[in-house]
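Written out below as structure tokens is the structure these notes cover.
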Amino acid sequence: MNNTTIDYADYAEYDRRQRAIERHLLAAFLGGLVVGLIGMLFSGIGPGWITQIYDPYAYLALSLAVGVSASGFGWALLTTFLAAVSTLVAALGASAVRGHDAFEFIGGSAAGLNWTLALLVGLGLLAYTTRRDDGWGDLAAGAIGAALIADVVDRATPGFIDSERSFWPVPALVVGLAAVAVVFALRRNARGRVRALAVSAVFAGVFMVCLAAFVAGWIPLAV
């Protein structure tokens, strides 16, 4: 009779991994529902600066959290997309209850909605990439910081595309400091943090120069 040795520890580890993936999928879905419902049900209630910080940065924070905690690149793609879609579903339901058009709050149009979904998924994938300890991880963290900082400058600068007078100074300062804190949190050592912050500054600077040239008419592109 043949003796077969079975390493039950491997099966147990595989089972734990599968259960962790299931919990992550469920958490991404429920997190999207909660964030979307809160955003729609409480929009316009309370100080305006709270709404300006919540939308869109609560959605971006959810995407980053889901992406950085994924167990693989494919799972990061799936779970960030799931979180973004569940956020949209919750927003549609809550806006219907309040008698509003969801496009008023998310994206502004169908094309803007698609862009928002792509941005959320892209940030989630970048967040997963920051788990690397090499230059690619620094680059991904810097790109995330640049995206947040560029959005803050765009909303806080008069004459820019999405400028809002009330966004400066409190919301802009809060989100700007949070963007720097996110870059620090995504890197594990001082060298990586310095490189990521440098990448953020360069990327954000290039983006703002291009945006200023577009607003001034030096870049003839149709919106």
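The values are calculated or read from the model by the stated rules, or taken from the named source; none is laboratory data. Treat the numbers as computed from the prediction; the structure is a model and nothing was measured. Note: ideal-geometry Cβ built from the backbone for every residue, glycine included; neighbour counts use all protein chains shown. Note: accessible area is taken over every heavy atom of the protein model, side chains too, but ligands, DNA and RNA are not part of it. Shrake-Rupley method; radii C 1.70, N 1.55, O 1.52, S 1.80 Å.
Summary of computed values
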quantity	calculated
Answer residue from region 178-192, given it is aliphatic (A, V, I, L, M) and open to solvent by 60 Å² or more (accessible area, probe 1.4 Å) and is farthest from Ala61 (Cα to Cα) among those	Ala190
Flag if Trp75 is at pLDDT 90 or above and over 13 Å from the mean Cα position of the chain (by Cα)	yes
Qualifying residues in region 154-167 (those that are part of a helix (DSSP H, G or I) and open to solvent by 50 Å² or more (accessible area, probe 1.4 Å)) - the one farthest from Val215 (Cα to Cα)	Ser166
Test result for Tyr14, of a type in the set (Phe, Trp, Tyr), over 19 Å from the mean Cα position of the chain (by Cα), modelled with pLDDT of 75 or more and open to solvent by 70 Å² or more (accessible area, probe 1.4 Å)	yes
Region 161-199, residues that are polar (S, T, N, Q), within 25 Å of Trp49 (Cα to Cα) and out of contact with any Asp or Glu (no Cβ under 8 Å at 6 or more places or on another chain)	Ser166
Lone unmet requirement of (1) open to solvent by less than 50 Å² (accessible area, probe 1.4 Å); (2) within 22 Å of Leu120 (Cβ to Cβ); (3) assigned to a helix (DSSP H, G or I) for Ala70	(3)
Out of Val170, Val175, sole residue that is of a type outside the set (Asp, Glu) and either without any contact (Cβ under 8 Å) to a residue 40 or more places away in the chain or buried (at least 18 other Cβ atoms within 10 Å of the Cβ) (or both)	Val175
From the options Leu211, Leu197, residue that is closer than 22 Å to Gly137 by Cα and in a helix (DSSP H, G or I)	Leu197
Output for region 73-93, where each listed residue is under 13 Å from Val34 (Cβ atoms) and either surrounded by fewer than 17 Cβ atoms within 10 Å (Cβ to Cβ) or aromatic (Phe, Trp, Tyr) (or both)	Val89, Gly93
Selection within region 131-142 - open to solvent by 10 Å² or more (accessible area, probe 1.4 Å), part of a helix (DSSP H, G or I) and over 10 Å from Ala198 (Cα atoms)	Gly135, Trp136
